[in-house]
Amino acid sequence: MKVADLKLFIKVVELSSFTAAANALDLPRANVSRRIGELEQSLGAQLFHRTTRSLSLTNNGEAYYENLQKALTMLDAANEQVGNNTNEVRGRIKLGLLPETDELVRPILFDFHDQYPHVELDIRNINNGFHDMFQQGLDIAFHGGALFDSDIVARKLLTLDRCLVASPSYLKTHGVPETLEQLTEHKCVCFRWPNGDVDNVWHFQEQSVQLNPKLISNNIGFIKNATILDRGITFMPKLLVQRELESGSLVQLLSQYSVTEESGWLLYPQPKTLSQASRLLIEHLIQEISKLG
């Protein structure tokens, strides 16, 4: 009986799916099913009720899960203690990055990697921290916008102030809007949220304005580049276009209006389940990203 198979069982229970566990652990689904079957055979007990549409624990499975959680927690703590005594941080961290955070976070991650070269960083692109945390089996994930009721810990990283921007060439051709209402007369480039909704109502403290965009993307990088290439006006966190504003490739518009605040978050499981490497990376990210605001 291997510890890896016991941890696989825990992951299947947490995700209530062989397929989700396979995706989270980067394993073929058949591998997961086979190993759980072998575990049941070695125990001489059925752990799961299986149907074509659902997966649930048997009574034996529930008791085994509860006891196994305690045992594996103690095992991980013992292993971590030995690691601490060697003064060498090791381990693997699966980190979920939103596409728009890559450019900002990359140097911070490289700095961490230089400090802890024996830590394996496995970086994944995600769309929604809460959803992808479980689907991809992430240790840490970035998230923007509203929080959801969950056992996941959410630490605020920074406040994201949005701003309206356009290229000088676009403004020369189409004119500079002087009021929020005039935005409806312009080409606008809008973001599509992970849930499928289009961000075509731009909110300000004074009022909101609804747009009818002809260019929409769920990729912030595409939206920024399209705006630089004269495709219209967009509304995005100022932090993500600060370099373009300083270089003059983008111009901020209607800065007299106050935007509603949005927040960026760092998500991770309850602290008792975190490895030493994950805890160090979380603190490093929080400390360094706070300097960007």
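The values are calculated or read from the model by the stated rules, or taken from the named source; none is laboratory data. As the structure is a computational prediction, the values presented were derived from the model and not from experiment. In this analysis, Cβ positions are derived from the backbone assuming ideal geometry, glycine residues included, and neighbour counts consider all displayed protein chains. Remember, those area values only see protein heavy atoms, side chains included, never the ligands or the DNA or RNA. Shrake-Rupley method; radii C 1.70, N 1.55, O 1.52, S 1.80 Å.
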### Message
Pull out all pairs, ordered by first then second residue, where Cβ-Cβ is under 7 Å, the residues are six or more apart or on different chains, the first lies in segment 201-216 and is closer than 14 Å to E185 by Cα, and the second is of a type in the set (S, T, Y).
### Response
V209/T184; L211/T184
### Query
Does T179 count as open to solvent by 50 Å² or more (accessible area, probe 1.4 Å) and either in the same structural domain as G248 (by the TED database) or at positive phi (or both)?
no
### Task
Please find, within segment 193-226, the residue that is most open to solvent (accessible area, probe 1.4 Å) out of those that are under 19 Å from L239 (Cα atoms) and either among the basic types (K, R) or in a helix (DSSP H, G or I) (or both).
F222
### Task
Would you please name the residue that is surrounded by the most Cβ atoms within 10 Å (Cβ to Cβ), looking only at residues in segment 122-134 that are hydrophobic (A, V, I, L, M, F, W, C) and without any contact (Cβ under 8 Å) to a residue 40 or more places away in the chain?
I126
### Message
Tell me the residue from V13, V32 that is in contact with a Gly (Cβ under 8 Å, 6 or more places away or on another chain), over 30 Å from P117 (Cβ atoms) and assigned to a helix (DSSP H, G or I), please.
### Response
V13
### Task
Within segment 156-176, count every residue that is buried (at least 19 other Cβ atoms within 10 Å of the Cβ) and either over 30 Å from G129 (Cα atoms) or in contact with a Cys (Cβ under 6 Å, 6 or more places away or on another chain) (or both).
2
### Task
Looking only at segment 250-270, count how many residues are open to solvent by less than 70 Å² (accessible area, probe 1.4 Å) and under 18 Å from the mean Cα position of the chain (by Cα).
8
### Query
Given the structure, is R231 among the charged types (D, E, K, R) and either outside any helix (DSSP H, G or I) or in contact with an Asp or Glu (Cβ under 6 Å, 6 or more places away or on another chain) (or both)?
yes
### Task
Could you please tell me which pairs satisfy a Cβ distance under 6 Å, a separation of 6+ or placement on different chains, a first residue in segment 29-54 that is under 13 Å from S16 (Cα atoms), and a second residue that is part of a strand (DSSP E or B) and open to solvent by 40 Å² or more (accessible area, probe 1.4 Å)?
H49/S56
### Message
Residues that are in contact with a strand residue (DSSP E or B) (Cβ under 6 Å, 6 or more places away or on another chain) and outside any loop (DSSP other than H, G, I, E, B): does segment 38-50 have at least one?
### Response
yes
### Message
Within segment 97-112, take every residue that is surrounded by fewer than 14 Cβ atoms within 10 Å (Cβ to Cβ) and of a type outside the set (A, V, I, L, M, F, W, C) and give me the one that is nearest to L267 (Cα to Cα).
### Response
R106
### Message
Can you confirm whether S247 is closer than 11 Å to C163 by Cα, open to solvent by 50 Å² or more (accessible area, probe 1.4 Å) and at pLDDT 90 or above?
### Response
no
### Query
Right, H113: in the same structural domain as P269 (by the TED database) and over 21 Å from G129 (Cα atoms) or not?
yes
